[in-house]
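Q: Next up is a structure, given as structure tokens.
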Amino acid sequence: MNSLSALNAQQKEAVTTLEGPVMILAGAGSGKTRVIIQRIAHLIQKKQVSPQQILAVTFTNKAADEMRARLQEMLSGKQQGVHLSTFHALGVSLLRKSIHHLGYRQNFIIYDTRDQYSVIKTIMEDHDIDDSGLIDAKLVHSEISRAKSAGQSPEDFLLQQESLQKQMVGKIFRHYQKTMKGCNVIDFDDILNLTLTLFENHPEVMDSLTERFRYIMVDEYQDTNRIQYKLLQHLTKRHRNLCVVGDDDQSIYGWRGAEVRNIFDFENDFPEVKLVRLEQNYRSTQNIIAAANQVISENTQRMPKKLWSEKTCGEKLDWLQAETEVEEMEAVTRKIRTKILQHGRRYSDYSILYRSNFQSRVVEEALREAKIPYRMLGGTSFYDREEIRDALAYLKVIYNPNDEVSLHRIINTPRRGIGKTSLMKANGCCQELHLPLFKVMCRARKYERIPKDSAFTMEMFAGIISNYQQRFTNEKLSAVFKDLLDEIGYLRYLETQSGDIKVRERRVLNVLELLVSVRKYSEQNPEANLQSYLERVTLFTQSDNDTESKANQVLIMTLHSAKGLEFPFVFMVGMSEGVFPNHRALEEAGENEERRLCYVGITRAQQELTFSMAKSRKYYGESIKQEPSRFLLDINPELLSVPIVGETTEEVKKERSRESRSAFFTQFKQLEAN
């Protein structure tokens, strides 16, 4: 049952304020998920709102699934009909019904980052642009994604650019969009942009949606971009019953398009907003909370709030300082082993957080040397492994034969005798006749330029694809997938590859695991089809793939990956100027977001928090002196077990100015590039 008795006064206010716009500023560890769940339950039980009129949006499938499970537990099925999803999943469901208004077909495919790179590289090759020269595919992809997150078309982008480099990116952007649409393919950014285009250009199509969802809630609101903000405005234009839950102090994704100003602008766009602050922290000791408050209070632009905890002060924050990076990590591993021996703790109680991926090498080496078991969060995703991408590429081509990136991937995987020369000639036919490659392959023997043997093989291959298009439409998903893998001999192909036998065995096991996952998905979703399965896989985010491990291992990760997690004992390593705050982030985005990232790191700790740094680091043989991070100098020394000796914040800023530290920055950039 939905009970308000367990809520504090501010949580209760957030749960029971149901009409009109509401902004819940939820500090770290303040129980925001409980508030969202209770609020939905209160709407259904007390206000008698139909579940079908409620929309709750969050940022990962994992978070949506957890909310769904908690609602089920609380309401025992009465929540059926509540739409719980990510922004992107909501967008895809709308596009499946209405994307034909924008010139696409309903069987569109969604390309992930690696598929997008393939399209960009092909365009660059076609236009003789050197991928290792002035621009590369990664930079182009980043610029395109940033432009789309801001709602820019290729023409908008080109109008704002003056440099030769950006003009070239804009032209690739234009070809990229044309190529994607021609293949009936969209990318992640297109999902939201095209949904917004439907709202703006075809409002009659979306009227039923704005009428249906009368109560809308958004979790992690500080992570929204401008496109998502505009979508919310369209969805709530009739009733304005919008509840957003977020914390500007935890806005750390500006580099991928998140706009913290969405929080600051909310009161302007919804002047009648009810503002509720959740400031009681249920996670950490008071010493940890006090340190977090002191660090974040230095930010120049934030919504005022101050976390507090009823927990005891707890241990003072520890500070480890060593001469070198290796000695720093030796001190960290020594402390972990000592505490485990003295107090009987588990390795899984510990987490090591660092600012940038390049720091992971020395962390991993130290843990291996100390024989401490560990797991890295944010490693290679299951769905990013080559053999899994091969298997899924077959499914994508069967669903949408115009998906030419996937088609090129599988034409000779396993090898079937279609050589590069024959493929080039087939592509020549495509360009002359303005036909997609699959259509040319279906009737390859009709085209004289394609060698007869290859043409026959192309038609055989196209026949397999066409056959399985019918089978996936009419038969059980998992059974057909197994037959497909058997017919193309994919497992035999993996078993006969050269190289380490253990690698081959692991790749085979990965594909078998994929088969198991498809079978489980079919069992849990009796109406499942190829479209729904591909959507599920494509919309999985990195955090969704990193399932919680029960193994007794230290968890290591970047500070960005730690968002939303908590651990009894946390180490924040590499706490020196230039490393954290990161020098490049300071140059590009300023200090505020780096300070918020530090705040996020501190508030992951429940019981004990340890900072560490090396007094010097070696870059290409040269030793560079390190000073403590400016963020640490904002913490009251009384909260620390050992005083942090360093320059004042003002002196640090002067010392680390671009001119005086140019050599330091240059070497750092070289390191990160390698």
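Q: Is there any pair linking a residue in the range 152-181 that is within 28 Å of Leu435 (Cα to Cα) and among the polar types (S, T, N, Q) to one that is open to solvent by 90 Å² or more (accessible area, probe 1.4 Å) and part of a helix (DSSP H, G or I), with Cβ under 9 Å and at least six apart or on different chains, and which?
A: Ser153/Arg174
Q: Please go through the range 270-285 and pick out each residue that is open to solvent by 20 Å² or more (accessible area, probe 1.4 Å) and more than 19 Å from Gln250 (Cα to Cα).
A: Residues satisfying the conditions are Pro271, Glu272, Val273, Lys274.
Q: Oh, and also: Is the range 545-554 home to any residue that is modelled with pLDDT of 90 or more and crowded, with 18+ Cβ neighbours inside 10 Å?
A: Yes: one or more hits.
Q: For the subset of the range 1-56 comprising residues that are touching an Asp or Glu at 6+ places or on another chain (Cβ under 8 Å) and of a type in the set (Gly, Ala, Ser), which member is nearest to Arg277 (Cα to Cα)? So that I can check it myself, show each step before the final result.
A: Step one: list which residues in the range 1-56 are touching an Asp or Glu at 6+ places or on another chain (Cβ under 8 Å), which gives 10, 20-21, 23, 25-30, 32-33, 36, 56.
Now drop any that are not of a type in the set (Gly, Ala, Ser), which leaves 20, 26-30, 56.
Working: Gly20: 17, Ala26: 6, Gly27: 8, Ala28: 11, Gly29: 13, Ser30: 10, Ala56: 20 Å.
Among them, the one singled out is Ala26.
Q: Any residue in the range 229-239 that is more than 25 Å from the chain's Cα centre (by Cα) and open to solvent by less than 20 Å² (accessible area, probe 1.4 Å)?
A: Yes, the range 229-239 contains at least one residue that is more than 25 Å from the chain's Cα centre (by Cα) and open to solvent by less than 20 Å² (accessible area, probe 1.4 Å).
Q: Also, I was wondering about something else. Do any residues in the range 558-569 that are crowded, with 18+ Cβ neighbours inside 10 Å have Cβ atoms under 6 Å from those of residues that are among the aromatic types (Phe, Trp, Tyr) and modelled with pLDDT of 95 or more, where the two are at least six apart or on different chains, and which pairs are they?
A: Phe569/Tyr350
Q: Scan the range 375-421 residue by residue and report those that are among the basic types (Lys, Arg), in a helix (DSSP H, G or I) and open to solvent by 50 Å² or more (accessible area, probe 1.4 Å).
A: Arg409, Lys420
Q: Of the residues Asn287, Asn293, only one is at pLDDT 90 or above and within 28 Å of the chain's Cα centre (by Cα); which? Give the derivation first.
A: Working: Asn287 fails: within 28 Å of the chain's Cα centre (by Cα).
Result: Asn293 is the single residue among Asn287, Asn293 that is at pLDDT 90 or above and within 28 Å of the chain's Cα centre (by Cα).
Q: Which one of these is in contact with a strand residue (DSSP E or B) (Cβ under 8 Å, 6 or more places away or on another chain) and either open to solvent by 70 Å² or more (accessible area, probe 1.4 Å) or among the hydrophobic types (A, V, I, L, M, F, W, C) (or both): Ile109, Ile135, Ile120, Ile172?
A: Exactly one residue qualifies, and that residue is Ile109.
Q: If you take the residues in the range 147-172 that are charged (D, E, K, R) and in contact with an Asp or Glu (Cβ under 9 Å, 6 or more places away or on another chain), which one is nearest to Gln228 (Cα to Cα)?
A: It comes out as Lys148.
Q: Let me ask something else. All but one of (1) part of a strand (DSSP E or B); (2) in contact (Cβ under 8 Å) with a residue 60 or more places away in the chain hold for Leu84; which doesn't?
A: Evaluating Leu84 over (1) part of a strand (DSSP E or B); (2) in contact (Cβ under 8 Å) with a residue 60 or more places away in the chain leaves (2) as the failure.
Q: Do we find a residue being open to solvent by 50 Å² or more (accessible area, probe 1.4 Å) and either touching a Cys at 6+ places or on another chain (Cβ under 9 Å) or among the hydrophobic types (A, V, I, L, M, F, W, C) (or both) anywhere in the range 48-71?
A: yes
Q: Residues of the range 303-318 being of a type in the set (S, T, N, Q) and part of a loop (DSSP other than H, G, I, E, B), which ones?
A: If the condition is that a residue be of a type in the set (S, T, N, Q) and part of a loop (DSSP other than H, G, I, E, B), then Thr312 is the only one that fits.
Q: Additional query: Do the conditions hold for Leu95, that is, is it out of contact with any helix residue (DSSP H, G or I) (no Cβ under 7 Å at 6 or more places or on another chain), crowded, with 19+ Cβ neighbours inside 10 Å, modelled with pLDDT of 90 or more and part of a helix (DSSP H, G or I)?
A: Working: out of contact with any helix residue (DSSP H, G or I) (no Cβ under 7 Å at 6 or more places or on another chain): no; crowded, with 19+ Cβ neighbours inside 10 Å: yes; modelled with pLDDT of 90 or more: yes; part of a helix (DSSP H, G or I): yes.
In short, no.
Q: With respect to Glu587, is the statement that it is closer than 25 Å to Thr300 by Cα, of a type in the set (Asp, Glu), within 25 Å of the chain's Cα centre (by Cα) and open to solvent by less than 20 Å² (accessible area, probe 1.4 Å) true?
A: Considered against the rule, which asks whether it is closer than 25 Å to Thr300 by Cα, of a type in the set (Asp, Glu), within 25 Å of the chain's Cα centre (by Cα) and open to solvent by less than 20 Å² (accessible area, probe 1.4 Å), Glu587 comes out as no.
Q: Right, next: In the range 328-374, what residues are aromatic (Phe, Trp, Tyr), open to solvent by 40 Å² or more (accessible area, probe 1.4 Å) and under 20 Å from Arg604 (Cβ atoms)?
A: Tyr347, Tyr374
Q: Basic (Lys, Arg), modelled with pLDDT of 90 or more and touching an Asp or Glu at 6+ places or on another chain (Cβ under 8 Å): is that true of Lys371 in this structure? Outline the logic, then answer.
A: Working: basic (Lys, Arg): yes; modelled with pLDDT of 90 or more: yes; touching an Asp or Glu at 6+ places or on another chain (Cβ under 8 Å): no.
Here the answer is no, as Lys371 does not meet what is asked.
Q: Then there is this: Taking interchain pairs and intrachain pairs at least six residues apart, which have beta carbon atoms under 7 angstrom, with the first residue in the range 382-405 and closer than 17 Å to Ser466 by Cβ and without any contact (Cβ under 8 Å) to a residue 60 or more places away in the chain and the second among the basic types (Lys, Arg) and open to solvent by 30 Å² or more (accessible area, probe 1.4 Å)?
A: Taking only residues 6 or more apart or on different chains, the pairs are Ala393/Arg409.
Q: Only one of these conditions is not met by Asp318: (1) within 24 Å of the chain's Cα centre (by Cα); (2) surrounded by fewer than 17 Cβ atoms within 10 Å (Cβ to Cβ); (3) at pLDDT 95 or above. Which number is it?
A: (1)
Q: Which is without any contact (Cβ under 8 Å) to a residue 24 or more places away in the chain and of a type in the set (S, T, N, Q), of Ser3, Ser50?
A: Working: Ser50 fails: without any contact (Cβ under 8 Å) to a residue 24 or more places away in the chain.
Residue meeting the stated conditions: Ser3.
Q: Mind checking which strands (runs of 3 or more DSSP E) fall wholly inside the range 574-642 and carry at least 1 residues that are at pLDDT 95 or above and among the small types (Gly, Ala, Ser)?
A: Hits in the range 574-642: 605-614.
Q: Output the number of the condition that Gln116 fails; it satisfies all remaining conditions of (1) outside any helix (DSSP H, G or I); (2) touching a His at 6+ places or on another chain (Cβ under 7 Å).
A: (1)
Q: How about the range 175-190: which of its residues are aromatic (Phe, Trp, Tyr) and open to solvent by less than 20 Å² (accessible area, probe 1.4 Å)?
A: Within the range 175-190, Tyr176 is the sole residue that qualifies.
Q: Turning to a different aspect of this structure: Read through the list (1) crowded, with 18+ Cβ neighbours inside 10 Å; (2) out of contact with any Asp or Glu (no Cβ under 8 Å at 6 or more places or on another chain); (3) in a helix (DSSP H, G or I); (4) of a type in the set (S, T, N, Q), then give the number of the only condition that Thr210 fails.
A: (1)
Q: Are any residues in the range 128-186 aromatic (Phe, Trp, Tyr) and over 25 Å from Pro401 (Cα atoms), and if so, which ones? Please lay out each step first, then the result.
A: Of the range 128-186, the ones aromatic (Phe, Trp, Tyr) are 157, 173, 176.
Hit for the range 128-186 is Phe157, nothing else.
Q: Are any of the residues in the range 280-302 among the aliphatic types (A, V, I, L, M) and either assigned to a strand (DSSP E or B) or over 22 Å from Pro637 (Cα atoms) (or both)?
A: First, pick out the residues of the range 280-302 that are among the aliphatic types (A, V, I, L, M): 288-292, 295-296.
Filter once more, so that each one left must be either assigned to a strand (DSSP E or B) or over 22 Å from Pro637 (Cα atoms) (or both): none.
Scanning the range 280-302 turns up no residue that is among the aliphatic types (A, V, I, L, M) and either assigned to a strand (DSSP E or B) or over 22 Å from Pro637 (Cα atoms) (or both).
Q: Let me ask something additional. Please identify the pairs in which a residue from the range 215-243 that is farther than 21 Å from His42 by Cα and assigned to a loop (DSSP other than H, G, I, E, B) has its Cβ atom under 8 Å from the Cβ atom of a residue that is of a type outside the set (Phe, Trp, Tyr) and open to solvent by 30 Å² or more (accessible area, probe 1.4 Å), counting only partners at least 6 apart or on another chain.
A: Thr224/Glu259; Asn225/Ala150; Asn225/Glu259; Arg238/Glu211
The values are calculated or read from the model by the stated rules, or taken from the named source; none is laboratory data. Quick caveat: nothing in here was measured; it's all calculated off a predicted structure. Ideal geometry is used to build each Cβ from the backbone, glycine not excepted, and the neighbour counts take in all protein chains shown. Accessible surface areas use protein heavy atoms only, side chains included; no ligands, DNA or RNA. Shrake-Rupley method; radii C 1.70, N 1.55, O 1.52, S 1.80 Å.
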